[in-house]
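Everything on this sheet refers to the single structure shown next.
The values are calculated or read from the model by the stated rules, or taken from the named source; none is laboratory data. Everything numeric in this text was worked out from a predicted model, so none of it was measured. All Cβ positions, even for glycine, are placed from backbone atoms using ideal geometry, and neighbour counts span all protein chains on display.
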């Protein structure tokens with residue numbers, strides 16, 4: 001369901017709705033601090049609850065559900081900005097590149113997402129953990145995404161990561177192959193959305209014209 005910030009403050013009508021996509025072990029509440037930091041400056045906000053089923057659901061299936069949430073909230077043509085955290089960033093990227101989301105996405109921000117895969121996913125079998133297996137280094141899904149970057153290049157992209165992230169290993173794997181890259185001054189994966197400085201930096205990016 002859409003979550004709208006409280007009225008108050010002036011937001012240019014040209015600013016599109018913002019969609020936030022949570023990670024594997026998270027709920028929409030993982031974005032509470034970021035929402036407070038944004039205040040009323042993003043007038044239309046969607047934080048869908050995705051059923052990732054502890055990594056059982058394949059990433060592409062989750063991306064299809066994300067697309068359904070976006071269409072239900074904003075129709076089929078309204079441009080959006082999109083931020084994905086952790087596994088949610090790969091889900092969002094899959095929707096952009098493989099399911100046509102690039103035609104309506106103005107800006108995509110990846111936060112601590114294993115866009116190049118992660119060693120922590122390597123031991124897990126595809127059955128029954130297809131979603132986690134999609135995050136393995138060199139997985140078929142990530143190869144599909146990285147082999148054709150034309151649609152991703154059509155979107156303004158930015159990656160934020162932690163160099164010492166123990167969920168995405170190695171930490172530098174949490175970056176998109178295109179766009180700006182910024183290392184946040186945090187020590188752990190959860191701090192990417194909890195640390196005051198990190199949240200302020202993300203809000204700054206989201207409020208950039």
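Of note:
- In the condition set (1) part of a loop (DSSP other than H, G, I, E, B); (2) in contact (Cβ under 8 Å) with a residue 60 or more places away in the chain; (3) farther than 16 Å from residue 55 by Cβ, residue 113 is compliant with all but (3).
- Any hit, the stretch 41-51, residues being under 15 Å from residue 79 (Cβ atoms), in a strand (DSSP E or B) and at pLDDT 90 or above: yes
- Within the set 83, 34, the sole residue that is outside any helix (DSSP H, G or I), closer than 21 Å to residue 179 by Cβ and under 15 Å from the mean Cα position of the chain (by Cα) turns out to be 83.
- Odd one out for residue 208, checked against (1) free of Cβ contacts under 8 Å to residues at least 24 places away in the same chain; (2) over 30 Å from residue 75 (Cα atoms); (3) assigned to a loop (DSSP other than H, G, I, E, B): (2)
- Some residue of the stretch 55-76 being part of a helix (DSSP H, G or I), surrounded by fewer than 24 Cβ atoms within 10 Å (Cβ to Cβ) and at pLDDT below 95: yes
- Of the helices (runs of 4 or more DSSP H) that lie entirely inside the stretch 123-181, not one contains 1 or more residues that are crowded, with 21+ Cβ neighbours inside 10 Å, free of Cβ contacts under 8 Å to residues at least 24 places away in the same chain and in contact with a strand residue (DSSP E or B) (Cβ under 8 Å, 6 or more places away or on another chain).
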